Amino acid sequence: MTYENILYEVADGVATITLNRPEKYNAFSAKMLHETNDAFRQIARDAAVRTVIITGAGKAFCSGQDLGDAESVEKGFMEHVRSKYNPLILAMRGLEKPIIGAINGVVAGAGVGVALACDLRILSDKASFVFAAFVGIGLVPDTGIDYHLPRLVGQAKAFELIMLTDGKNRVSPQQALDLNLCTSVVENDALMEQARALAVKFATMPTRAIGLTKRLLNGTWDQTLAETLDMEAQLQHAASNTKDAMEGITAFNEKREPKFTGQ
Ligand code: LHQ
């Protein structure tokens with residue numbers, strides 16, 4: 001598929017998706033949403049991709065739904081959210097490869113949902129979060145924000161952020177770091193270099209073990225300790241049968257660096 005509203009490139013085991021409607025602060029048009037969903041399907045299929053970076057072109061990461069795009073919502077908001085946004089968030093959380101959010105600028109609306117569905121986020125010092133965009137136009141948060149945000153910051157803080165951090169009272173990079181919303185804050189010019197360095201590191205790690213770890217951490221919120229212990233045992237069995245686990249253990253015993261292939 002040829003993309004028009006996103007950029008997609010693969011190099012060194014890393015797929016980079018760039019949301020690319022900078023004049024609209026990378027708001028989701030129907031096309032951009034379709035293309036982003038397609039890119040994640042392609043990434044899931046492509047064994048050569050072992051890590052993902054998602055970022056935005058220009059000044060913003062993503063301002064959420066394009067509020068001028070009537071085509072997107074002609075079948076109603078519920079249908080649009082269910083058929084377009086929910087599959088994207090589920091695809092990101094279900095993808096058994098790490099996803100790095102390289103957050104280059106402002107994040108609002110469904111853009112917040114996409115940012116929080118990444119496995120971790122690196123922020124530019126020009127980034128900011130606007131959690132109150134939804135309530136600012138009389139809507140409720142969607143795209144999994146009500147699931148991920150309380151788990152990151154606690155329920156009361158999530159409520160506070162969703163109500164009060166509007167365009168004039170944005171969450172700054174330092175506040176985001178203090179709130180556990182990101183891994184690090186870097187100078188804007190260094191953002192992509194830092195994100196790529198981390199992505200390349202992930203791409204040389206045992207991809208199956210990373211994917212299975214992601215599955216374990218995804219599951220843990222809804223399980224008892226006993227269920228988690230059992231899932232750990234099952235996935236340890238699965239991990240132990242990968243080529244990378246065999247290589248890791250052999251390399252340890254041979255006192256050399258392992259060479260992981262992602263298999
Ligand atoms: C935009 C947008 C935008 C279009 C900036 N759309 N053009 C799901 C399904 C169904 C229905 C509804 O919703 C959802 C989920 C959602 O995502 S709802 C929430 C939608 N997003 C928002 O409400 C955020 C709207 N944007 C803003 O509040 C501000 O633009 C922020 C705080 C992001 C940035 O403010 P500024 O730095 O002051 O920039 P700006 O407002 O001047 O925006 C720059 C340009 O981008 C501007 O265009 P222009 O032609 O005037 O230069 C904006 O119109 C455009 N833009 N967000 N979502």
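We did not get these values from a lab; they are worked out from the coordinates using the rules stated. Fair warning: this is a prediction, and the values are worked out from it, not measured in the lab. Glycine gets a Cβ as well: all are built from the backbone with ideal geometry, and neighbour counts include every protein chain shown.
Here are the numbers:
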item: Count of lysine pairs in the chain with Cα separation under 14 Å (8 or more residues apart, or interchain); result: 8
item: Mean separation of Cα contacts under 8 Å (6+ apart) over length of the range 1-95, as relative contact order %; result: 32 percent
item: Percent of C-alpha pairs per 5 Å bin, the range 197-237, short to long; result: 5, 23, 26, 18, 13, 10, 5, 1
item: Table column - 3J(HN,Hα) (Hz), the range 72-85, Karplus curve with 6.51, -1.76, 1.60, x for Gly and Pro; result: 4, 10, 5, 9, x, 5, 4, 4, 5, 5, 5, 8, 10, 7
item: The range 138-199 - Rg over Rh from alpha carbon coordinates, Kirkwood radius; result: 1.03
item: Long-range tail of P(r) for the range 171-263 (Cα pairs > 18 Å, %); result: 63 percent
item: Rounded D (µm²/s) - the chain, Kirkwood Rh over Cα pairs, Stokes-Einstein at 25 °C, 0.890 mPa s; result: 128 µm²/s
item: Binned Cα-Cα distance frequencies in the range 60-129 - 10 Å width, integer %; result: 20, 46, 29, 6
item: Neighbour-count ranking [beta-carbon atoms within 10 angstrom, fewest first] of Thr16, Thr51, Thr183; result: Thr183, Thr16, Thr51
item: Mean ellipticity per residue at 222 nm, deg cm²/dmol - from DSSP H runs of n ≥ 4 across the chain, formula -39500 (n - 2.57); result: -13000 deg cm²/dmol
item: For the range 14-94, average projected area of the Cα convex hull in nm²; result: 5.3 nm²
item: Nearest 10 degrees, 0 to 90: helix 243-253 Cα axis against the chain principal axis; result: 60 degrees
item: Contact order relative to length of the range 60-214, as percent, for alpha carbon pairs under 8 angstrom and 6 or more apart; result: 27 percent
item: Ellipsoid equivalent to the range 20-66 - semi-axes via the Cα gyration tensor, in Å; result: 23, 12, 6
